[in-house]
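Chemist: Here it is, the structure, as structure tokens.
The values are calculated or read from the model by the stated rules, or taken from the named source; none is laboratory data. Computed from a predicted structure; not experimentally measured. Every residue, glycine as well, gets a Cβ built from its backbone with ideal geometry; the counts of neighbours run over all protein chains shown. The accessibility values were calculated without ligands, DNA or RNA, using every heavy atom of the protein model including side chains. Shrake-Rupley method; radii C 1.70, N 1.55, O 1.52, S 1.80 Å.
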Amino acid sequence: MGSDSETEKSQQKEREKKKQLALAPIAKPLAGKKLCKRTLKLVRRAAEHKCLKRGVKEVVKSIRRGNKGLCVIAGNISPIDVITHVPILCEEANIPYVYVQSKEDLANAGATKRPTCCVLVLTRPTKGELGQEEQEKLKEDYDQVASELSELANSMF
């Protein structure tokens, strides 16, 4: 029984190592474990309430149209050229952005099976309205992640 959990732990460590190796050199600011968990939780909640734009094309279109939100980018994209323009667009539009370790985790949080390069978490859904409670919960999570992100960004520069 004890050996099973040992092998599981070693497999987990191997996966973590592979994720680290696959990370792109431009993946900064990279979310730590705690912030990553919170960010993916926010993405999951946003997906439930249809406040999420998935994929480079949709995200870029949304940013160009002036939608505000929080951009979450996967750090293990290959080739990296696919997403190199996204952080620049985010900075020009004053949209906070953060990198998470893997595109698979980002896809799972965004309720799709297909690995996703980046998602944009919007503060309100594109169509329809949210109930007052859901809107406040989403806003609370969003604000918490955004404030932690700004601290992370400030510590970098």
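Chemist: Among T84, T112, which is the only one that is of a type in the set (S, T, Y), closer than 23 Å to K139 by Cα and open to solvent by 20 Å² or more (accessible area, probe 1.4 Å)?
Modeler: T112
Chemist: How many of the residues making up region 91-105 are in contact with a helix residue (DSSP H, G or I) (Cβ under 7 Å, 6 or more places away or on another chain) and not in a loop (DSSP other than H, G, I, E, B)?
Modeler: Number satisfying all stated conditions: 4.
Chemist: Return the residues of region 115-130 that are among the hydroxyl-bearing types (S, T, Y) and modelled with pLDDT of 75 or more; say none if nothing qualifies.
Modeler: Scanning region 115-130 gives T116, T123.
Chemist: Only one of (1) without any contact (Cβ under 8 Å) to a residue 24 or more places away in the chain; (2) open to solvent by less than 20 Å² (accessible area, probe 1.4 Å); (3) not β-branched (V, I, T) is not met by G131, so which one is it?
Modeler: All conditions pass for G131, except number (2).
Chemist: In region 35-52, how many residues are open to solvent by 70 Å² or more (accessible area, probe 1.4 Å) and within 13 Å of the chain's Cα centre (by Cα)?
Modeler: Counting residues in region 35-52 that are open to solvent by 70 Å² or more (accessible area, probe 1.4 Å) and within 13 Å of the chain's Cα centre (by Cα) gives 4.
Chemist: Output yes when any residue across region 55-72 is within 30 Å of E16 (Cβ to Cβ), assigned to a helix (DSSP H, G or I) and out of contact with any strand residue (DSSP E or B) (no Cβ under 8 Å at 6 or more places or on another chain), and no when none is.
Modeler: no
Chemist: Do we have any residue at all in region 87-98 that's small (G, A, S) and within 13 Å of G69 (Cβ to Cβ)?
Modeler: Yes, the conditions are met somewhere in region 87-98.
Chemist: Continuing with this model, one more query. Within region 14-25, can one find any residue that is touching a strand residue (DSSP E or B) at 6+ places or on another chain (Cβ under 9 Å), on the phi < 0 side of the Ramachandran plot and open to solvent by less than 20 Å² (accessible area, probe 1.4 Å)?
Modeler: Scanning region 14-25 turns up at least one residue that is touching a strand residue (DSSP E or B) at 6+ places or on another chain (Cβ under 9 Å), on the phi < 0 side of the Ramachandran plot and open to solvent by less than 20 Å² (accessible area, probe 1.4 Å).
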